[in-house]
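The values are calculated or read from the model by the stated rules, or taken from the named source; none is laboratory data. A quick note: this is a predicted structure, and the numbers were derived from the prediction, not measured. Reconstructed Cβ throughout: ideal geometry from the backbone, glycine too, with neighbour counts over all protein chains shown.
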Amino acid sequence: MSKQIIQTNNAPAPIGPYNQAVKAGNLLFVSGQVAIKPGTNDLANTDIIEETHQVLQNIKSILAEAEMDFSNIVKTTIFLSDMDLFSRVNEIYAKYFDGDFPARETVAVKGLPKNANVEISVIAAI
């Protein structure tokens, strides 16, 4: 099976030893994204709404680099700093899909990189 590294300047550079995404066969594995603004080291986190939009825009840019979009996503994982954020993140998340939602789990964690409140990873398929 071939493996292709996906990298775009329209999403934040990795902050560790990983890639933005890896395409293997007809699957795309997108690393967890936090709300870092592309080209900076700054977190877009004035509130959870801005933060969630930035995370999803980062994912959108990575998907586009792989010639995919949100309709290709088959699985998401959402990490939250606090389950009290669940409904607000859900509200923004839902707007990025056309009703054909992927499989998903959402978990609360003790901490996220850069003290983010939300991190999302996805698996997409051609």
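Can you name the residue in segment 1-27 that is in a strand (DSSP E or B) and touching a helix residue (DSSP H, G or I) at 6+ places or on another chain (Cβ under 7 Å) and is also nearest to Lys75 (Cα to Cα) among such residues?
This residue is Ala21.
Out of everything in segment 20-47 that is in contact with a strand residue (DSSP E or B) (Cβ under 7 Å, 6 or more places away or on another chain), surrounded by 14 or more Cβ atoms within 10 Å (Cβ to Cβ) and of a type outside the set (A, V, I, L, M, F, W, C), what residue ends up being nearest to Ala124 (Cα to Cα)?
In this case the residue turns out to be Lys23.
State which residue pairs qualify: first residue of a type in the set (D, E, K, R) and inside segment 98-113, second residue part of a loop (DSSP other than H, G, I, E, B) in any location, beta carbons under 6 Å apart, and separation of 6 or more residues or different chains.
Within 6 Å, no pair qualifies.
Taking the stated definitions as given, is Thr52 under 23 Å from Asn117 (Cα atoms), assigned to a strand (DSSP E or B), of a type in the set (S, T, N, Q) and modelled with pLDDT of 95 or more?
Details: under 23 Å from Asn117 (Cα atoms): yes; assigned to a strand (DSSP E or B): no; of a type in the set (S, T, N, Q): yes; modelled with pLDDT of 95 or more: yes.
Spelling it out, it is not the case that Thr52 is under 23 Å from Asn117 (Cα atoms), assigned to a strand (DSSP E or B), of a type in the set (S, T, N, Q) and modelled with pLDDT of 95 or more.
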